[in-house]
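Report on the following structure.
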Amino acid sequence: MDLELSESELAFQAEAREWLAANVPAQPLPSMDTAEGWVAHQEWERRLADARWSVVSWPRAYSGREASLVEWVVFEEEYYRAGAPGRVSQNGIFLLAPIIFDHGTQEQQDRFLPTMATGEQVWAQCWSEPEAGSDLASLRSTARRDEARGGWVLNGQKTWSSRASFAHWGFGLFRSDPEAQRHQGLTYFLFPLDADGVTVRPIAQLDGEAGFAEVFFEDVFVPDRDVLGAPGDGWRVAMSTAGNERGLSLRSPGRFCAAADRLVELWREHGDAVPTAADGVVDAWLKAQAYRLYTWGTVTRLADGGEMGAAGSVNKVWWSELDIALHETALDLLGPTAELESRWLDGYTFSLSGPIYAGTNEIQRNIVAERILGLPREPKASSKQGEPKASSKQGEPKASSKQGEPKASSKQGEPKGVAR
Amino acid sequence: MRFEPTSDQRDFAAAVDGLLSASDTVAVARAWAEGDTEPGLRLWSRLAEQGVNALLVPEDVGGLGASRVELVIAFELLGRHGVPGPWVESAAYLPVALTDTETLAALAEGAVGTVAAPPHAPLALDADVADHVYLATATGLVGGAVGTGKVSVDRTRRLFEVSGVDGDGSPAPLDAAFDSAALATAAQLLGAGERLLADSVTYVKQRKQFGREIGSYQAIKHALADVRIGLDFARPLLLGAALGEVPAGAAKVACGDAAYRASRTGLQVHGAIGYTQEFDLSVWVTKVRALVTAWGTPALHRGRLLESLVGA
């Protein structure tokens, strides 16, 4: 048991560190959710790609370095330690690309991956719908077969689509078989966001910026070559990334360790004035370290052929809550000026979305409880809630079916990607 | 980079676990709490045969000279099985603090040692059954005379005042010994937390109310999921501290928090039956409360962590 990096991993680390030190912009880029910031972030992606740092774990043929999991985690640590910009390509390179590698045709890989790696084409995820959030499988947007044209016609509405305000392409699930139940009859589609019939309406987030959007589909034609995986197999395809061995569904701990280090720095400046923040500072550091070490354990298990499985849900609850607590402590330290615009305030506002996106933490806790602890599944909403009447004889004065929990199956959460 | 126990370490864990699983440790603990230390001391000897007492004793004086990883593996199991006795003192603190080779050899063989290290560990655990009793002073380790006994929330922890008997003591690495004790206590806490969770999961799958297993309600599920998550992220800090990657205090704080959450949640999901001494859950609920403040309170360790971070 050890935490030592090998010679080649150390060399990789040194190379990454050196390049980042020389290339990370001295001033933070404007927010990627503004027109100006979008361009700046796309340019940064291009710069990363030119030096082969944009998709380190991908094959060399697609601008990667075939980095191992260990190297990927090392790169992420270096990336955030260097204070490098957020990744505008994140949804594509971390969530969609693993699926294209596993389920895409050669033609799709060749067509989509190179422009994804350079940031030339930025991808938005289109999962949620107005009536399908945590219960994603109840989605209603449809895909109708058009045999004559050799493709599908999409109709419906997606919402909370991260990056869709400025992105070029979208990916999402549509109901291609209206007869099929829930997880069946869904198909995974790729579509340009400027296609005929697509309307994107940016939504201002808590901070006023258009980080996500509504996307409307009105008879949008998608040719067969833009279907990912087999028609009707979309749910399985979407879920298959959860345990992806490229580790791309891991949320890298580097970001939180870097933030915890900055928090210690803030404590040095403001700790005397706000001594009650002491425990918050220690706990943020501890939890970030716990996440870093936990990730090394995960990497070891994955390298041994293990699968991520439901552990991804354990992860997600941890980092999302850690992120909020860390930023709350920073705002405590900032005192009366905490409400003013600052990098800490931006980080705080962003952290608030963590327990909601990529499957709410309630869904994640259901997954942990059912799949890891083996607790019984929720009764289906459509069936009777247990046998409530029977319990009255056990001394409960008035049992009613309301005693049950009304929500439908929690068996399947949202796709467990974590990028936003 | 392999942040997982080796196969040798897993074999060692399996051997200790096998012994403890076959030893009715709850009965041993209950007897110990009643003052009948005979079964506990028998188990002590059997664990000594497995090498648990000798782990940190150097090889040249008859020990195993094992790493702190083996130490935390063994102590997690001691915590998980609720084994009574001054294990932390005898197998984690004294092997680091002592320079006297004769006593080190005796401890490795299975002699019982204990120590009071005021102000953070002011009383000596189970000093009445110990062969070697010490007091840690500002200048070093001195022999101790056993004084008045005190009653702990954990009835298996029989704590005694100790006064120094011979001289000032020679200089000894007492800070390192304290760290070692904190680390071993953290491991016991993690083991106790795992046991509390396992028993709670078993219980909520059996217990039915309103016609359903109570474990099918989200209020229960989410509480137990949080326990699972807390323990999952305490373990890497424990192993990381064993490797020297983070201070032992980090493990003590994290394992204490995670185990305490396990005990509070475990008690809550059991309802009234968990609040009885007779039900076995009480063994771990009371032990966790005691260990949270043993060998450095959370406040002490957090304070030291902050100092080291700011000084870094």
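The values are calculated or read from the model by the stated rules, or taken from the named source; none is laboratory data. These figures come from a predicted structure and were not determined experimentally. As a convention, Cβ positions derive from the backbone with ideal geometry for all residues, glycine included, and neighbour counts pool all protein chains shown.
Restricting the first member to the range A:205-223 and to residues that are in contact (Cβ under 8 Å) with a residue 12 or more places away in the chain and within 20 Å of A:Glu36 (Cβ to Cβ), and the second to residues that are among the hydrophobic types (A, V, I, L, M, F, W, C) and buried (at least 22 other Cβ atoms within 10 Å of the Cβ), the beta-carbon pairs closer than 7 Å and six or more apart or on different chains are A:Gln205/A:Phe212; A:Phe212/A:Trp160; A:Phe212/A:Ala164; A:Ala213/A:Ala164.
Results for (1) within 20 Å of B:Gly82 (Cβ to Cβ); (2) touching an Asp or Glu at 6+ places or on another chain (Cβ under 9 Å); (3) among the hydrophobic types (A, V, I, L, M, F, W, C), shown as yes or no for each residue.
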position: B:Leu197; (1), (2), (3): yes, no, yes
position: B:Ser200; (1), (2), (3): yes, no, no
position: B:Lys205; (1), (2), (3): no, yes, no
position: B:Gln218; (1), (2), (3): no, yes, no
position: B:Lys221; (1), (2), (3): no, yes, no
position: B:Val246; (1), (2), (3): no, no, yes
position: B:Ala262; (1), (2), (3): yes, yes, yes
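Considering the conditions (1) small (Gly, Ala, Ser); (2) in contact (Cβ under 8 Å) with a residue 24 or more places away in the chain; (3) more than 7 Å from chain A (Cβ to nearest Cβ); (4) not in a loop (DSSP other than H, G, I, E, B), B:Ala198 is excluded by exactly one of them, (2). Can you name the condition, by its number, that A:Tyr357 falls short on among (1) farther than 30 Å from B:Gly230 by Cβ; (2) modelled with pLDDT of 85 or more? Against the list (1) farther than 30 Å from B:Gly230 by Cβ; (2) modelled with pLDDT of 85 or more, A:Tyr357 comes up short only on (1).
You will find that of A:Gly234, A:Gly229, A:Gly271, A:Gly208, the residue that is crowded, with 16+ Cβ neighbours inside 10 Å, more than 22 Å from A:Asp146 (Cα to Cα) and not assigned by TED's automatic domain parsing to the domain that holds A:Asp33 is A:Gly271 and no other. The test for being under 18 Å from B:Trp44 (Cα atoms), out of contact with any Lys or Arg (no Cβ under 9 Å at 6 or more places or on another chain), more than 14 Å from chain A (Cβ to nearest Cβ) and surrounded by 20 or more Cβ atoms within 10 Å (Cβ to Cβ) does not hold for B:Val162. Taking the criterion of being assigned to a helix (DSSP H, G or I) and touching an Asp or Glu at 6+ places or on another chain (Cβ under 8 Å), the residues of the range A:12-49 that qualify are A:Phe12, A:Gln13, A:Ala16, A:Arg17, A:Leu20, A:Gln42, A:Arg46.
With the condition being closer than 23 Å to A:Ala238 by Cα and hydroxyl-bearing (Ser, Thr, Tyr), I'd like the strands (runs of 3 or more DSSP E) fully within the range A:50-162 carrying at least 3 qualifying residues. Quick ask: steps written out before the conclusion?
Numbers: elements: A:123-126, A:142-146, A:151-162.
Ranges flagged: A:151-162.
In the condition set (1) buried (at least 20 other Cβ atoms within 10 Å of the Cβ); (2) away from every other protein chain (no Cβ under 11 Å); (3) of a type outside the set (Lys, Arg); (4) in a helix (DSSP H, G or I), A:Val282 is compliant with all but (2).
For the range A:292-317, give me each residue that is within 7 Å of chain B (Cβ to nearest Cβ) and closer than 17 Å to A:Tyr80 by Cβ. Break it down stepwise before answering.
Here is the first cut: in the range A:292-317, the residues within 7 Å of chain B (Cβ to nearest Cβ) are A:293-294, A:296-297, A:300-301, A:314, A:317.
Selection gives A:Leu293, A:Tyr294, A:Trp296.
Apart from one condition, A:Leu340 fits all of (1) surrounded by fewer than 18 Cβ atoms within 10 Å (Cβ to Cβ); (2) assigned to a helix (DSSP H, G or I); (3) over 22 Å from the mean Cα position of the chain (by Cα); the exception is (2).
When B:Val88, B:Val153 are screened for being aliphatic (A, V, I, L, M), surrounded by 24 or more Cβ atoms within 10 Å (Cβ to Cβ) and within 30 Å of B:Ala22 (Cα to Cα), only B:Val88 passes.
Does B:Gly249 satisfy being farther than 25 Å from B:Ala66 by Cβ and in a helix (DSSP H, G or I)? Working first, answer last.
Working: farther than 25 Å from B:Ala66 by Cβ: no; in a helix (DSSP H, G or I): yes.
Against the criterion (farther than 25 Å from B:Ala66 by Cβ and in a helix (DSSP H, G or I)), B:Gly249 does not qualify.
Every test in (1) more than 7 Å from chain A (Cβ to nearest Cβ); (2) in a helix (DSSP H, G or I) is passed by B:Ala172 save one, and that test is (2). Of all residues in the range B:50-94, those satisfying the criterion of being touching a Ser or Thr at 6+ places or on another chain (Cβ under 7 Å) and of a type in the set (S, T, N, Q) are B:Asn53, B:Ser90.
Checking the conditions here, which among B:Gly65, B:Gly82, B:Gly40 is under 18 Å from the mean Cα position of the chain (by Cα), away from chain A (no Cβ under 14 Å) and not in a helix (DSSP H, G or I)? Working first, answer last.
Working: B:Gly65 fails: under 18 Å from the mean Cα position of the chain (by Cα); B:Gly40 fails: not in a helix (DSSP H, G or I).
Matching residue, one of B:Gly65, B:Gly82, B:Gly40: B:Gly82.
Applying a threshold of 7 Å to beta carbon distances and a minimum spacing of six or more residues, or different chains, the list of pairs starting in the range A:345-364 at a residue that is away from chain B (no Cβ under 12 Å) and in contact (Cβ under 8 Å) with a residue 40 or more places away in the chain and ending at one that is of a type in the set (A, V, I, L, M) and crowded, with 20+ Cβ neighbours inside 10 Å reads A:Gly347/A:Ala259; A:Ala358/A:Val418.
Looking at the structure I just gave you, is A:Phe166 assigned to a loop (DSSP other than H, G, I, E, B), touching a helix residue (DSSP H, G or I) at 6+ places or on another chain (Cβ under 9 Å) and at pLDDT 95 or above? Let's see the steps before the verdict.
Numbers: assigned to a loop (DSSP other than H, G, I, E, B): yes; touching a helix residue (DSSP H, G or I) at 6+ places or on another chain (Cβ under 9 Å): yes; at pLDDT 95 or above: yes.
It is true that A:Phe166 is assigned to a loop (DSSP other than H, G, I, E, B), touching a helix residue (DSSP H, G or I) at 6+ places or on another chain (Cβ under 9 Å) and at pLDDT 95 or above.
One residue alone among B:Arg10, B:Arg46 is within 14 Å of chain A (Cβ to nearest Cβ), more than 19 Å from B:Leu125 (Cα to Cα), part of a helix (DSSP H, G or I) and among the basic types (Lys, Arg), and that residue is B:Arg10. Against the criterion of being more than 22 Å from A:Ala167 (Cα to Cα), within 14 Å of another protein chain (Cβ to nearest Cβ), in contact with a Pro (Cβ under 8 Å, 6 or more places away or on another chain) and in contact (Cβ under 8 Å) with a residue 24 or more places away in the chain, A:Glu9 does not qualify.
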